[in-house]
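Worksheet: one structure, shown below.
The values are calculated or read from the model by the stated rules, or taken from the named source; none is laboratory data. Just so it is clear, the model here is predicted, and its values are computed rather than measured. Cβ sites come from the backbone with ideal geometry, for glycine too, and all protein chains shown count toward neighbours.
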Amino acid sequence: MSIDVAGKMSASRSAVASPAAVSRTVGRARTVAMVGTYPPTACGLATFTSNLSIAIATPESRWRVIVVRVLDQPEVETHEEVVAQWIAGDRDSLTRSLAAIESSDVVLLQHEYGLFGGRDGQDVLALVGALSKPLIAVLHTVLSNPTPHQREILEQVMAAASLVVVQSKDARQRLLTIYSAVPDSVVVVPHGAQENFSGASQSIVEHPCVLTWGLLGPGKGIEYAIAAMGRLGDHVPAPTYIVAGRTHPKVLAAEGERYRRKLQQQCRDLGVSTRVHFDDGYRDWDSLRALIRSADVVLLPYDSLDQESSGVLVEALASGKPVVATMFPHALELLSRGAGVLVRQGDVDAMSAALERVLYEPGLAETMKRCARREATALLWPTIGATYRSLISHVVSRREVT
């Protein structure tokens with residue numbers, strides 16, 4: 001099966017239900033059971049799950065989403081769509097979760113290795129092995145060098161799924177070459193975003209302004225970004241850099257604010273403390289979007305070579321912002337047509353040179369903004385929600401006619 005972001009599908013005769021069967025079911029309202037982290041959990045995956053739920057269950061579609069919220073510890077629930085909490089290592093909560101989603105037409109699982117209990121998140125296999133409903137697995141990480149155990153877990157999840165969704169072409173290719181996935185069972189649907197081209201900005205530093213946001217922790221490459229900022233101080237005006245976001249809860253539990261303090265000391269050592277602003281307060285969605293609108297360039301200095309999906313990258317494009325990013329797979333795919341400048345991981349010279357070009361080379365930023373808006377067209381949530389509804393309808397109809 002193949003699918004484009006407008007929801008148009010093509011497939012071999014054996015891959016999907018007949019056209020007649022599909023036409024009878026594609027317009028029918030469905031109940032989708034979403035399994036993953038969910039607000040108020042503060043992580044990118046929880047935000048994605050919430051946004052995707054809203055995009056699927058639009059009022060005009062008459063679709064419904066219920067949520068099994070994955071947690072380490074029980075919490076008081078504030079969202080009526082959350083029908084169960086699956087607590088890591090708690091078999092009884094898994095049993096309750098399975099019972100709660102029996103009324104759904106399909107289960108939409110958000111998969112990350114660190115999300116579920118057990119070694120490499122192996123407890124997810126207890127869920128997928130017990131499902132009576134068709135499963136669509138959305139893979140947020142596809143490792144290029146998995147351990148044998150990680151590979152085994154992902155292959156078992158894929159074997160249990162009627163369909164596997166990834167968010168980049170590179171991730172799909174990895175599944176085919178490394179994990180022996182069946183081509184017709186894997187489709188690419190981009191990470192969604194909300195258009196953010198206009199509205200009031202929220203400037204908290206002098207311009208030109210470079211922005212990085214997201215939960216803070218080792219691997220984000222912020223130390224390289226700070227070093228790059230140290231090389232741009234001779235410009236008038238010199239750029240300022242905002243690092244927005246709280247420390248990742250798991251990092252905070254393990255080592256407190258050690259990483260943030262290390263970065264702050266680096267700023268003092270380089271003499272850039274007045275030009276680097278750590279914004280660690282809580283920002284609601286509207287406040288964050290206003291902050292993004294205020295940036296002149298978004299910087300993604302990530303260390304990882306495996307990052308197949310970046311919500312920050314997608315939101316930057318949906319805000320029409322020029323991007324400087326390291327060469328992780330999602331950036332390579334989305335920034336190759338002019339919306340961004342790519343640099344190698346940890347290359348401070350290349351990062352500072354790229355920022356210098358975008359901030360000070362006449363006309364370049366405006367050209368990149370136009371490219372970013374063009375790239376954003378296929379990434380907006382209404383399009384992504386329609387695509388998922390089409391996928392779900394095909395998966396359910398295939399089950400109904402077999």
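For the reader, a short list of remarks on this structure follows.
- Of all the residues in the stretch 227-240, those that are surrounded by fewer than 23 Cβ atoms within 10 Å (Cβ to Cβ) and in contact with a Phe, Trp or Tyr (Cβ under 8 Å, 6 or more places away or on another chain) number 1.
- One residue stands out among those in the stretch 294-312 that are modelled with pLDDT of 95 or more and outside any loop (DSSP other than H, G, I, E, B): the one that is nearest to the chain's Cα centre (by Cα), which is Leu300.
- Apart from one condition, Met158 fits all of (1) at pLDDT 95 or above; (2) of a type outside the set (Val, Ile, Thr); (3) out of contact with any Lys or Arg (no Cβ under 7 Å at 6 or more places or on another chain); (4) not in a helix (DSSP H, G or I); the exception is (4).
- Count - residues of the stretch 34-71 that are touching a Leu at 6+ places or on another chain (Cβ under 6 Å) and either more than 21 Å from Ser103 (Cβ to Cβ) or part of a loop (DSSP other than H, G, I, E, B) (or both): 1
- Among (1) out of contact with any Gly (no Cβ under 8 Å at 6 or more places or on another chain); (2) surrounded by 14 or more Cβ atoms within 10 Å (Cβ to Cβ); (3) more than 25 Å from Ala161 (Cβ to Cβ), the one test that Asp349 misses: (2)
- Pick from the stretch 189-209, criterion over 24 Å from Phe48 (Cα atoms) and either surrounded by 19 or more Cβ atoms within 10 Å (Cβ to Cβ) or not small (Gly, Ala, Ser) (or both), ranking: nearest to the chain's Cα centre (by Cα): Cys209
- Single residue of Val210, Val205 found to be part of a strand (DSSP E or B) and under 30 Å from Leu288 (Cβ atoms): Val210
- Cβ pairs under 8 Å, 6+ apart, first in the stretch 188-217 and closer than 30 Å to Gln173 by Cα and at pLDDT below 90, second of a type in the set (A, V, I, L, M, F, W, C) and assigned to a loop (DSSP other than H, G, I, E, B): Leu215/Ala42; Leu215/Cys43
- Here the stretch 27-75 is the region considered, the condition is being modelled with pLDDT under 85 and surrounded by fewer than 16 Cβ atoms within 10 Å (Cβ to Cβ), and the residue that is nearest to the chain's Cα centre (by Cα) is Ala42.
- Check on Trp213, within 30 Å of Phe116 (Cβ to Cβ) and touching a strand residue (DSSP E or B) at 6+ places or on another chain (Cβ under 8 Å): yes
- From the options Ala365, Ala339, Ala386, residue that is in contact with a Pro (Cβ under 8 Å, 6 or more places away or on another chain), surrounded by fewer than 22 Cβ atoms within 10 Å (Cβ to Cβ) and of a type outside the set (Lys, Arg): Ala365
- Within the stretch 319-357, the set of residues being at pLDDT 95 or above, among the charged types (D, E, K, R) and part of a helix (DSSP H, G or I) comprises Asp349, Glu356, Arg357.
- Taking the criterion of being in contact with a Lys or Arg (Cβ under 7 Å, 6 or more places away or on another chain) and hydrophobic (A, V, I, L, M, F, W, C), the only residue of the stretch 114-147 that qualifies is Val142.
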